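What follows is a set of notes on a single structure, which appears directly below.
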Amino acid sequence: MINERVLPHPAVSRRRAYYKRLKRHQWLYIMILPGLLYFLAFKYAPMWGLVIAFMNYQPYLGVFGSDWTGFYHFERLFGDPLFWTLFRNTFALAFYNLFFYFPIPIMLALMLNEVRSGVFKRFVQTMVYIPHFVSWVVVVGLAYVFFTTEDGMVNNILASLGMEQINFLGSTQWFRPLIIGEIVWKETGWGTIIFLAALAGVDQQLYEAARMDGAGRWRQLWHITLPAIRSTIVIMLILRLGNFLDTGFEQIYLMLNALNRNVGEVFDTYVYTVGITQGQFSYSTAVGLFKSVIGLILVLSANYLAKMFGEEGIY
């Protein structure tokens with residue numbers, strides 16, 4: 001009698017292939033593990049706490065012992081006269097941040113890409129990267145040194161020129177320009193990294209062909225460089241819209257004072273005030289959830305528009 005070879009079940013074959021791939025790339029998975037644990041611990045696990053936005057959460061009763069209130073906290077938020085002030089201030093800062101800050105790393109990356117001296121290029125990159133590693137406390141401290149009315153460098157220069165000193169730190173007109181200026185100084189260099197990586201992948205033969213056809217630097221930039229990194233710009237813009245209302249708690253909180261609070265109070269600082277200092281955990285969670293929903297809507301809308309115009313999008 002002839003012995004026939006028994007083939008394993010397809011599910012068993014797939015399982016064996018899976019373990020074989022896992023063993024082959026085990027070090028890659030180990031390298032991914034810290035990042036995966038970070039997102040699980042600080043991004044996904046806290047989502048469980050969003051349930052307290054729909055209840056009157058009391059710490060000593062816990063989640064299961066607190067009373068369910070439904071959408072009461074959202075009705076309270078939208079009915080609060082302070083809501084529109086918070087929304088206006090947050091939207092204004094977010095819009096200025098997107099309009100003024102977002103293009104600057106792209107322009108800086110394009111300029112650095114045109115630098116032919118490797119030593120000078122690395123030196124400039126290092127100089128513009130360093131502010132990213134400076135804490136917001138130090139950045140705001142530097143702003144106070146430069147712009148305070150008491151021996152501030154800028155006001156001393158104005159006084160030496162015979163001009164009137166300006167209370168930059170207490171002015172409602174100068175609050176937003178100072179915030180955006182600090183963000184530009186601190187994050188512009190770091191924001192160029194992704195765009196420089198995209199520029200490094202542009203086929204150099206395209207530039208050679210363009211030069212042979214008589215195209216100058218500007219035409220090469222407009223017809224080769226920008227189209228090559230357009231998808232990267234679109235993806236970064238979509239991701240940026242996801243954090244559109246995240247204006248940054250530390251920076252805003254440190255820059256706030258009694259004179260500029262009416263233009264500087266935003267959702268992030270409001271959540272801290274009502275949630276931490278006043279103990280209204282459910283209400284502050286509802287405010288944070290409102291921000292997240294707006295960010296999700298903006299991401300989905302921007303991704304849909306990107307797909308409609310022929311771009312890749314994020315999914």
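The values are calculated or read from the model by the stated rules, or taken from the named source; none is laboratory data. Treat the numbers as computed from the prediction; the structure is a model and nothing was measured. Backbone-built Cβ (ideal geometry, glycine too); neighbour counts: all protein chains shown. These area figures cover heavy atoms from the full protein model, side chains too; ligands, DNA and RNA do not enter into them. Shrake-Rupley method; radii C 1.70, N 1.55, O 1.52, S 1.80 Å.
What the table below lists for this structure:
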read-out	value
Selected residue [open to solvent by 30 Å² or more (accessible area, probe 1.4 Å), in contact with a helix residue (DSSP H, G or I) (Cβ under 9 Å, 6 or more places away or on another chain) and not aliphatic (A, V, I, L, M)] from Arg122, Arg76	Arg76
Segment 48-73 residues that are among the acidic types (Asp, Glu), paired with ones that are outside any loop (DSSP other than H, G, I, E, B) (beta carbon under 8 Å, 6 or more apart)	Asp67/Met55; Asp67/Asn56
Evaluation of Leu61 against (1) farther than 13 Å from Thr285 by Cβ; (2) open to solvent by less than 60 Å² (accessible area, probe 1.4 Å); (3) not polar (S, T, N, Q) (one fails), failing number	(2)
Qualifying position, being more than 30 Å from Ile224 (Cα to Cα), more than 29 Å from the chain's Cα centre (by Cα) and acidic (Asp, Glu), among Asp80, Asp67	Asp67
Residue count, segment 117-139 (criterion: under 20 Å from Ile193 (Cβ atoms), without any contact (Cβ under 8 Å) to a residue 24 or more places away in the chain and part of a helix (DSSP H, G or I))	9
Selection status of Met236, without any contact (Cβ under 8 Å) to a residue 40 or more places away in the chain, out of contact with any Leu (no Cβ under 8 Å at 6 or more places or on another chain) and either over 30 Å from Asn167 (Cβ atoms) or surrounded by 19 or more Cβ atoms within 10 Å (Cβ to Cβ) (or both)	no
Qualifying position, being touching a residue at least 24 places away in the same chain (Cβ under 8 Å), aliphatic (A, V, I, L, M) and open to solvent by less than 70 Å² (accessible area, probe 1.4 Å), among Ala45, Ala41, Ala94	Ala94
Residue among Glu312, Glu250 that alone is assigned to a helix (DSSP H, G or I), acidic (Asp, Glu), more than 29 Å from Asp67 (Cβ to Cβ) and touching a residue at least 40 places away in the same chain (Cβ under 8 Å)	Glu250
Unmet requirement for Gln220, which otherwise passes all of (1) open to solvent by 40 Å² or more (accessible area, probe 1.4 Å); (2) more than 27 Å from the chain's Cα centre (by Cα); (3) polar (S, T, N, Q)	(1)
Options Gly141, Gly162; residue that is exposed (fewer than 14 other Cβ atoms within 10 Å of the Cβ) and over 24 Å from Ile252 (Cα atoms)	Gly162
Residue within segment 140-147 that is under 28 Å from Leu196 (Cβ atoms) and without any contact (Cβ under 8 Å) to a residue 12 or more places away in the chain present	yes
Every residue from segment 262-271 that is part of a helix (DSSP H, G or I) and surrounded by 15 or more Cβ atoms within 10 Å (Cβ to Cβ)	Val263, Gly264, Phe267, Asp268, Thr269, Tyr270, Val271
Odd one out for Ile276, checked against (1) within 20 Å of the chain's Cα centre (by Cα); (2) part of a helix (DSSP H, G or I); (3) among the aliphatic types (A, V, I, L, M); (4) at pLDDT below 90	(1)
Odd one out for Leu259, checked against (1) of a type outside the set (S, T, N, Q); (2) buried (at least 16 other Cβ atoms within 10 Å of the Cβ); (3) outside any helix (DSSP H, G or I); (4) touching a residue at least 12 places away in the same chain (Cβ under 8 Å)	(2)
